[in-house]
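Engineer: Handing you this structure, nothing more for now.
The values are calculated or read from the model by the stated rules, or taken from the named source; none is laboratory data. This structure is a prediction, so every number in the text was calculated from the model and none was measured. Reconstructed Cβ throughout: ideal geometry from the backbone, glycine too, with neighbour counts over all protein chains shown. Accessible surface is based on the protein model in full, side chains and every heavy atom, while ligands, DNA and RNA are left aside. Shrake-Rupley method; radii C 1.70, N 1.55, O 1.52, S 1.80 Å.
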Amino acid sequence: AFKMGYEYTRRNLIRFIDRTNAIAADYLIANSAFTANKARKAYGKEVEPLLLGVDSMVFKPDAEVKKKHFLFIGEKEEINGYPLLKEALELTSLPFNISYVTFNKDNQFKLSDEELVSEYQQAAATLCLAVEEPFGLAALESMACGTPVIAVNEGGYRETVEDKVTGLLIKRDAKELAEAMKYL
């Protein structure tokens, strides 16, 4: 009970500080139009989206690399869309090879930029399944490496993935994900 009371108090204090600072700010920016709209509703102030980018000298295509797997970035948790992937894999008899890139204890990738680029280049597609992802930098990095993206049609993915051009936008539906993976 003490732990729950502490957590409740801590979260409300953080929420109060966040709201106070946002309202006092002269200018608010967000990493996508999706996040800007959420912040406008939360703070009642104008928020300007300032979109992120990737270093095209690092994240670049390599046509010589053989495509051999699907890439999933993040921990195997609900917020990252892992249950959707797990359900999709159970629906199909195809032996999809999935490469998982996770984080270390400091919330940093376990791979260097060069190793991450190699993973993107070797992937048939990057699976971007996070729940209401605010922006989706992994989608941009993947596309910069010449690898298409299968992304849920929500959050910031709608701003970065052009359906049937740079990837596929799907509903949060396991059957649709399995079909998109078969298609690619």
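Engineer: From the list ASN153, ASN107, which residue is surrounded by fewer than 21 Cβ atoms within 10 Å (Cβ to Cβ), at pLDDT 95 or above and not acidic (Asp, Glu)?
Structural biologist: Values: ASN107 fails: at pLDDT 95 or above.
On inspection, the qualifying residue turns out to be ASN153.
Engineer: Can you name the condition, by its number, that SER56 falls short on among (1) under 30 Å from TYR27 (Cα atoms); (2) surrounded by 12 or more Cβ atoms within 10 Å (Cβ to Cβ)?
Structural biologist: So SER56 meets the others, but not (2).
Engineer: Now a separate question. Specify the residue that is least open to solvent (accessible area, probe 1.4 Å); the eligible residues are those in the stretch 61-74 that are modelled with pLDDT under 90 and more than 16 Å from ALA144 (Cα to Cα).
Structural biologist: GLY74
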